[in-house]
Amino acid sequence: MPSVLVIGEALIDVVHGIDGGIKNIPGGSPANTAVALARLGVKTFMKARTSKDNFGIEIRNYLTNQNINLDYSLIVEEPSSVIDAIIQKDGTPKYEAVLTGAADFGWTTEELKKDFDNDIKIIQLGSLTSYIEPGASNVEKWFSHLRESGKYLLTFDPNIRHPLDGQTETAVRNRAKILTSLAHVVKASDEDLRWINPDKSPQDSALEILKNGAVLVVVTLGKDGAFAINREQEFIEVSTPEINVTDTIGAGDTFAAALITQILEKQIFDETSLSKLNKTDLAQILSNSALTASITCSRQGANPPHRHEVTW
């Protein structure tokens, strides 16, 4: 059965609700994406560095209970990452964290060299693991080798949360540009692209990413929907369903998971088949992804829907 591997952080979000309530929720963008994939019925592996501490135990138990395979994950000495997510009046979260020295960001070349199950067809990278040293440089080299190998369809979600501990704006921006050029599919928010390229519109940023090596760029616009641009520079735009927003934690991750799920179901595993994805199918994929993400927005925290809760 074709499957997906997600690499990145699996951490604890301490969610501070508008009502003053505080709740510890396992999360991190890559972990949220993995959970959403598994709930949508995809066989999902996660490659994460998790701590021996109590938070690490909680994270691993949570992921395992969500039917995520942790065979490629590690248990390490460094502490778990903990992020405070403070929910604003409009439902969007403001993040605060100290991440230097955390387990998630210590990837070594040897740890990344492991061979994968032959069924893995898509590899998803994104978020803080892409930028925070000492592991980020090794992750970039590994991702480059994967692109050169031609064995996998690579997807990337910049999911920029800057400022990041010890990382300069220039370093983060440059790395985001490199990784978008290495991925076949880039799923980004308009805020991501405005940060990566402050002098360009999201549409112009998407075109630049395509020029530099990507095959498909999908951009989420929050309540305003989403658009995609393919290598032929065809532009496809969809709206977002109207819902009562509880918060937006995990919405982008759910969108990414729905996008990847549909690509997988269409047996798109390489650059050639991705290039043949037509506008009609792509528009439907975007609409389905927006619908799936909207369900997450109607719930507290990153709580993506199961397959029976979506209509596609």
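In this structure, the pairs whose alpha-carbon distance is over 23 Å, taken from LYS141/LYS177; LYS121/LYS276; LYS43/LYS266; LYS43/LYS187; LYS47/LYS200; LYS47/LYS211, are LYS47/LYS200; LYS47/LYS211.
In units of the rule-of-thumb radius 2.2 N^0.38 Å, segment 3-309 shows an alpha carbon radius of gyration of 0.91.
So, with +1 on the Cβ of K and R and -1 on the Cβ of D and E, and no other charges, what is the size of the charge dipole of segment 3-309 about its Cα centre, to the nearest 20 debye?
The dipole magnitude comes to about 500 debye.
Between segment 102-164 and segment 254-310, what is the separation of their alpha carbon centroids in Å? Centre-to-centre (Cα) distance: 21 Å. Each of LYS113, LYS89 has some number of other Cβ atoms within 10 Å of its Cβ, and from fewest to most they run LYS89, LYS113.
Within the straight-line cut-off of under 13 Å between alpha carbons, the aspartates and glutamates reachable from LYS151 are ASP115, ASP117, ASP119, ASP270, GLU271, sequence neighbours fewer than 8 places apart in one chain being disregarded.
For GluC sites (Glu not before Pro), the sites in segment 223-312 that DSSP calls loop and that have at most 15 other Cβ atoms within 10 Å are GLU232, GLU234, GLU242. Sequence-distant contacts, meaning Cα pairs under 8 Å at least 6 residues apart, place the relative contact order of the chain at 17 percent. Sorting MET46, MET1 by the number of Cβ atoms found within 10 Å of their own Cβ, with the fewest placed first, yields MET1, MET46. With both residues required to sit in the chain, DSSP beta bridges show an antiparallel share near 40%. Would you list, by chain and number, the aspartates and glutamates whose Cα falls below 20 Å from the Cα of LYS89, excluding same-chain residues fewer than 8 positions away? The qualifying aspartates and glutamates are ASP13, ASP19, GLU191, ASP224, GLU242, ASP247.
Each value in this text was obtained by applying a stated rule to the coordinates, not by laboratory testing. These figures come from a predicted structure and were not determined experimentally. Using ideal geometry, Cβ is built from the backbone for each residue, glycine included, and neighbour counts are taken over all protein chains shown.
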